[in-house]
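Read-outs: derived from the displayed coordinates by stated rules, not from any lab. Since the structure is predicted, the reported quantities are computational estimates derived from the model, not experimental observations. In this analysis, Cβ positions are derived from the backbone assuming ideal geometry, glycine residues included, and neighbour counts consider all displayed protein chains.
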2 protein chains.
Amino acid sequence: MVAKRRAEMVEETRGKLVRAARKAFAEKGYAASSMDDFTAEAGLTRGALYHNFGDKKGLLQAVIAELDAEILVRMAAARARAATPWQGLLDESIAYLEMALEPEIQRIMLLDGPAVLGDPSRWPNQSACLRATAQTIERLIEAGTIRPVDAEAAARLLNGAALNAALWIAAADDPPAVLAKAVEAFRRLAEGLLGARP
Amino acid sequence: MVAKRRAEMVEETRGKLVRAARKAFAEKGYAASSMDDFTAEAGLTRGALYHNFGDKKGLLQAVIAELDAEILVRMAAARARAATPWQGLLDESIAYLEMALEPEIQRIMLLDGPAVLGDPSRWPNQSACLRATAQTIERLIEAGTIRPVDAEAAARLLNGAALNAALWIAAADDPPAVLAKAVEAFRRLAEGLLGARP
DNA sequence: TCAACTGGCATACGATGCGTATGCAAACTT
DNA sequence: AAGTTTGCATACGCATCGTATGCCAGTTGA
């Protein structure tokens, strides 16, 4: 059949809008992205946007949900490759740090996202990648690898450290060199979570 | 004399604008603050703003510089009260975390600032409070209290951890309880910087 | 199968906010 | 005291957003 079903058409429209918005937000930032411009680039108008996402913020939420899901997968992959659970936490955090260096993720999720939508803990998807780190930490506590600590708090601290380091690195004159320093320092900090200190 | 000198008039105008903008940015956020509105509230117009600060971003920079200076002072005070240099680092960082809970600082410096002006390392004042923490860490390294590490990187990581924790705490249902957990976890992380581990 | 209906998207309109160009008066200069 | 500079206000044009309205394709029920 040549004519698609209604639901498919809608999904296609939403997909086009999310892709166009993601590109525009990444390149120009949320505030400087004109809804008229990137909807036109998707072969649509603002009418489609308002109908499907309510407003500009709604579309940003959709874009962020997509990015968050991708980050979650990549973090899980990094953790899966690690030799030990402890190394898994380090690798997943460092993977996050490296992803946070990518302009698209940095601009949309780390800069515009919190400024426009508020703290990630209040986002619809609850920022799945944050919850994942908290779970990793909980498992390490149960295994006795690290001392008991509030997992959510520790996850949030590690995440923030990586996030802020990424902003710093991306703005640095020599990102690769600075990245190495940051990773080393990050490892040192994370070790503070390990077993009892004399 | 009734007529003030020119330089004084200008300082007064700039002060009025910064105060009005600071209030508006804190209450509504940068994007939602109308220049017409808050300049009028200061008894001025956008003409004064453009003449003195170039544009809206220029005014935000001025507001941030003012906040940064205040934060620097309060961090130094916290460090000065500490019994030991190591405790000084902890106290100054926790003071930062607590300041980051204040709506004005959180909204302007942590959310809108980076989104609009980019990474703090590129701000005109270089974010003095970040440099201060780096210096504190350098002194601790020289004293042999903590193992050698890139001070700037470590400062940035600690700062990011505190910053992100503050966003989380402020968005939580029971901030005081969450703050306590965050401070404890932060202390644990920071201890990763201490002397050699067995 | 056909008629009524629903839903998805486009178009049109009004309102708001920004940046620049211009004007004017007070303060500095010599 | 006349000329010059400077600080700020006013006025205009442009871009962008949100809503109200309209239209056509797809859906539904007899």
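Farthest towards the positive end of the charge dipole of segment A:1-54, among the residues A:Ala26, A:Leu49, A:Phe38, is the Cα of A:Leu49, using unit charges on the Cβ of Lys, Arg, Asp and Glu. Considering helices alone, the calculated mean residue ellipticity of chain B at 222 nm is -22500 deg cm²/dmol, with DSSP H runs of length four and up weighted by -39500 (n - 2.57) and normalised per residue. Build a GNM of chain B with springs between Cα atoms under 10 Å apart, and of B:Ala77, B:Ala166, B:Ala180 the one that fluctuates most is B:Ala180. When only alpha carbons of segment A:1-117 are considered, Rg and Dmax amount to 17.0, 54 Å. Reported to the nearest whole Å, the Cα centre-to-centre distance from segment B:79-150 to segment A:145-186 is 15. The mean count of C-beta atoms from other chains within 10 Å of the C-beta of residues in A:145-152, rounded to a whole number, is 3. Averaged over the residues of peptide B:165-175, the number of Cβ atoms from other protein chains lying within 10 Å of each residue's Cβ is 4. Remark: A:Ile94, B:Ile169, B:Ile64 ranked as A:Ile94, B:Ile64, B:Ile169, counting other beta-carbon atoms within 10 Å and listing the fewest first.
Where Rh is the Kirkwood radius over the Cα pairs of the protein assembly as shown, the temperature 10 °C and the viscosity 1.306 mPa s, what D in µm²/s does Stokes-Einstein return?
In µm²/s, the coefficient is 70.
Rounded to whole numbers, the Karplus 3J(HN,Hα) couplings from phi for segment A:58-67 are x, 5, 4, 4, 5, 4, 5, 4, 5, 4 Hz, using 6.51 cos²θ - 1.76 cosθ + 1.60 with θ = phi - 60°, and x at Gly and Pro.
Net charge in the neighbourhood of A:Leu97 (other residues with Cβ under 13 Å of its Cβ; Lys, Arg +1, Asp, Glu -1) is -1. Distances from B:Thr84 to itself in the other copies, using label points 7 Å out along the Cα-Cβ axis, amount to 2.7 nm in increasing order. In the assembly of identical copies, A:Asp55 has its label point, taken 7 Å from Cα in the direction of the beta carbon, separated from the corresponding points by 2.4 nm (ascending, one decimal).
Taking the inverse of the mean reciprocal distance over all distinct Cα pairs, the Kirkwood hydrodynamic radius of segment B:1-54 comes to 11.6 Å. When chain B is treated as a Gaussian network with alpha carbon springs shorter than 10 Å, the biggest mean-square fluctuation among B:Ala42, B:Ala171, B:Ala76 belongs to B:Ala171. From the largest down, chain B spans 69, 40, 30 angstrom on the principal axes of its Cα atoms. Sorted from closest to farthest, the other copies place their A:Pro148 label points 3.9 nm away, with each point set 7 Å from Cα along Cα→Cβ.
Using equal-weight Cα scatterers in the Debye expression, the normalised intensity of segment B:102-183 in log10 at q = 0.12, 0.16, 0.22, 0.23 Å⁻¹ is -0.44, -0.73, -1.06, -1.10. Remark: mean inter-chain Cβ contacts per residue of B:180-190 equal 6, using a 10 Å Cβ-Cβ cutoff to other protein chain atoms.
GNM on chain A, alpha-carbon springs under 10 angstrom: the most fluctuating residue among A:Leu167, A:Leu44, A:Leu90 is A:Leu44.
Compared with the dominant Cα axis of chain A, that is its longest principal axis, helix A:175-190 is turned about 50°.
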